[in-house]
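The values are calculated or read from the model by the stated rules, or taken from the named source; none is laboratory data. Everything quoted here is computed from the prediction, not taken from an experiment. Cβ atoms come from the backbone with ideal geometry, glycine included; neighbour counts cover every protein chain shown.
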Amino acid sequence: MSEGSLEAPVRHPIDWRNPEFFDEAKLDEELRRVFDICHGCRRCFNLCDSFPRLFDLIDESESGELDTVDSKDFKPVVDACTLCDMCFMVKCPYVPPHEFNLDFPHLMLRYRAVEHAKKGSGFAEKQLTDTDRNGKLATGALSGIANWATRRGNAVTRPMMEKIADVHRDAVLPPYTGKTLVARAKANPPVVNESAPAAGKRKAVVYATCYGNYNTPEVGEALLGVLAKNGIAAEVVYPECCGMPQMEQGAVQDVAEKAKRVAAFMEKYVDDGYEVIALVPSCALMLKFEWPLVVPDDDKIRKLSAATRDASEYIVALAKSEGLAEGLKPLDGPVAIHIACHARAQNMGQKASEMMRLIPEIDLTVVERCSGHGGSWGVMKENFEVGMKVGRPVFRQAKANGKAKYVASECPLAGLHIAQGMEASAKDEAEKAALPETSPHPITIFAKAYGL
Ligand code: SF4
Ligand code: SF4
């Protein structure tokens, strides 16, 4: 429920099959209607960079009102939106069922969809967001070369990438793995603890996600280890990417096609009573909420949406219903975790912090605000500095006054960004040396507490 409303927000399907959705005059009318409401409200002034840009635009205009703002100046407002959904989920009192019917993130998406329909994705964005092609090319034997080329500080390749692909030369890019999660899970399945309270009671399949498969297989391995310890033998599948990177570009039709293919692939599991655990919160959000809004008339998507769980959400539910297997031990230092916007947007409560509190004697700091990353958005030349600015309070809080030994975000990309921000904001070498160890997801710290 949002702060300003007594009713739970309702989200309407994205009306992208209606030709009016792409009508520029109608879009402009809707932007002006919504921006005027926001101008009068201003609750979201500190959520991200979109709102300050909008309010500055209005305040600095001739009349101080929206009527003297030129519509072509709206683009920077849209560009600054990472589609984190926070304004819709936690702030806005005017979301449906309120008569103002305001959905700011989906309006930003509509603007991008109209741009995409006119011009397609830019070359750089297209290359960067084709995560499956990139993952297939850059994992395995070529991961060493790919990681060398994309490493921050590479004086040959990074300035070139900035020029050709608009990727900021200082942004840390996620490294690729030598062996995907799917291959690892097949080659080395963890031993299942048949005497755990949940043994034989649950069926789960892990949706690897592109990032979990090609970049951080250790997150999936940690989850599989924790599940096996708790008597659950989970298979790992990866039909293809969920389409979040395409969503950010406004390529709604691509998202719809991906959703249909993945849901058709997963149907046999869902029909057989499996819960589907998505490793990355953005992908869980796509499966649970965005796909049914993009393709509202597909039964397979609806069923998959109902069966999807976030990783931390699944562990907390397991602990509450069957009880966890014994063996969790106190950690050797305090932990800070960052609750990712896309986890908050799933409207499930702070599941990562609930999960971490299952670890005995944990000293936990919870950071719940935008890190400023926003998927591929935060590494682009025009956004990187903004992302580092937006993330400053998170970088500071994640250090927990210098005491945190481990830090993890639920979003592994935000985790990389936080690690970079903590390092960049360190006063001196001594503070740099004392920074907490960054884990790619709270589940890897949880697995550590199990001694896995
Ligand atoms: S979705 Fe997130 S980034 Fe976009 S306007 Fe809302 S709060 Fe800002
Ligand atoms: S999105 Fe809603 S809460 Fe945020 S500024 Fe606009 S009207 Fe206010």
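Helices (runs of 4 or more DSSP H) wholly in segment 11-125 with at least 3 residues that are aliphatic (A, V, I, L, M) and over 18 Å from Glu290 (Cβ atoms) - which ones?
Of the helices (runs of 4 or more DSSP H) lying wholly inside segment 11-125, those with at least 3 residues that are aliphatic (A, V, I, L, M) and over 18 Å from Glu290 (Cβ atoms) span 24-41, 50-59.
If I filter segment 9-35 down to residues being within 16 Å of ligand 2 (Cβ to nearest atom) and out of contact with any helix residue (DSSP H, G or I) (no Cβ under 8 Å at 6 or more places or on another chain), which single residue comes out as modelled with the highest pLDDT?
For segment 9-35, the residue satisfying everything is Arg33.
Determine the pairs where a residue that is closer than 24 Å to Ala345 by Cα, located within segment 106-121, has a partner that is more than 15 Å from ligand 1 (Cβ to nearest atom) and assigned to a loop (DSSP other than H, G, I, E, B) with Cβ atoms under 7 Å apart, the partner being 6 or more residues away or on another chain.
From residues that are closer than 24 Å to Ala345 by Cα, the pairs are Ala113/Trp16.
Determine if segment 400-417 includes at least one residue that is out of contact with any strand residue (DSSP E or B) (no Cβ under 9 Å at 6 or more places or on another chain), in contact (Cβ under 8 Å) with a residue 12 or more places away in the chain and over 25 Å from Val90 (Cβ atoms).
yes
Matching residues to (1) farther than 20 Å from Phe100 by Cβ; (2) surrounded by 15 or more Cβ atoms within 10 Å (Cβ to Cβ):
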| position | (1), (2) |
| --- | --- |
| Arg11 | no, yes |
| Ile14 | no, yes |
| Ala25 | yes, no |
| Val34 | no, yes |
| Cys48 | yes, yes |
| Pro52 | yes, yes |
| Leu57 | yes, yes |
| Lys72 | yes, no |
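Kindly indicate whether any position in segment 83-94 is crowded, with 20+ Cβ neighbours inside 10 Å, under 20 Å from Val252 (Cα atoms) and either more than 26 Å from the chain's Cα centre (by Cα) or away from ligand 2 (no atom under 14 Å from the Cβ) (or both).
No, segment 83-94 contains no residue that is crowded, with 20+ Cβ neighbours inside 10 Å, under 20 Å from Val252 (Cα atoms) and either more than 26 Å from the chain's Cα centre (by Cα) or away from ligand 2 (no atom under 14 Å from the Cβ) (or both).
Taking the residues in segment 101-119 that are within 11 Å of ligand 2 (Cβ to nearest atom) and under 13 Å from Arg11 (Cα atoms) as candidates, determine which candidate is surrounded by the most Cβ atoms within 10 Å (Cβ to Cβ).
Kept after step one, since they are within 11 Å of ligand 2 (Cβ to nearest atom), are these residues of segment 101-119: 102-105, 107-108.
Applying the additional criterion that residues be under 13 Å from Arg11 (Cα atoms) yields 102-105, 107.
Details: Leu102: 21, Asp103: 23, Phe104: 25, Pro105: 20, Leu107: 19.
This residue is Phe104.
Is there a residue being among the small types (Gly, Ala, Ser) and buried (at least 24 other Cβ atoms within 10 Å of the Cβ) anywhere in segment 311-329?
Yes: one or more hits.
Of everything in segment 11-65, what is among the hydroxyl-bearing types (Ser, Thr, Tyr) and either within 12 Å of ligand 1 (Cβ to nearest atom) or closer than 19 Å to Glu115 by Cβ (or both)? Give them in sequence order.
The one that is among the hydroxyl-bearing types (Ser, Thr, Tyr) and either within 12 Å of ligand 1 (Cβ to nearest atom) or closer than 19 Å to Glu115 by Cβ (or both): Ser50.
For Thr68, indicate whether it is crowded, with 20+ Cβ neighbours inside 10 Å and more than 14 Å from ligand 2 (Cβ to nearest atom).
Considered against the rule, which asks whether it is crowded, with 20+ Cβ neighbours inside 10 Å and more than 14 Å from ligand 2 (Cβ to nearest atom), Thr68 comes out as no.
Quick one: is Ala284 touching an Asp or Glu at 6+ places or on another chain (Cβ under 8 Å) and of a type in the set (A, V, I, L, M)?
Values: touching an Asp or Glu at 6+ places or on another chain (Cβ under 8 Å): yes; of a type in the set (A, V, I, L, M): yes.
So Ala284 fits the description; yes.
Report whether or not Phe51 is within 14 Å of ligand 2 (Cβ to nearest atom) and farther than 21 Å from Val252 by Cα. Write out each step before concluding.
Values: within 14 Å of ligand 2 (Cβ to nearest atom): yes; farther than 21 Å from Val252 by Cα: yes.
Yes: the conditions hold for Phe51.
List pairs: first residue in segment 35-46 and farther than 15 Å from Gly64 by Cα, second residue outside any helix (DSSP H, G or I) and away from ligand 1 (no atom under 11 Å from the Cβ) anywhere in the structure, Cβ distance under 7 angstrom, at least six positions apart or on different chains.
Arg43/Gly4
Considering only segment 314-326, I want to know if a residue exists there that is over 28 Å from Ser353 (Cα atoms), among the small types (Gly, Ala, Ser) and modelled with pLDDT of 95 or more.
There is no residue in segment 314-326 that is over 28 Å from Ser353 (Cα atoms), among the small types (Gly, Ala, Ser) and modelled with pLDDT of 95 or more.
Can you find a residue in segment 294-309 that is touching a residue at least 60 places away in the same chain (Cβ under 8 Å) and more than 21 Å from Lys201 (Cβ to Cβ)?
yes
Considering each residue of segment 363-384, count those that are away from ligand 1 (no atom under 16 Å from the Cβ) and free of Cβ contacts under 8 Å to residues at least 40 places away in the same chain, and give that number.
Count: 4.
Yes/no per residue for (1) modelled with pLDDT of 95 or more; (2) in contact with a strand residue (DSSP E or B) (Cβ under 8 Å, 6 or more places away or on another chain):
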position	(1), (2)
Gly225	yes, no
Ile232	yes, yes
Tyr238	yes, yes
Gln249	no, no
Val252	yes, no
Val255	yes, no
Ala263	yes, no
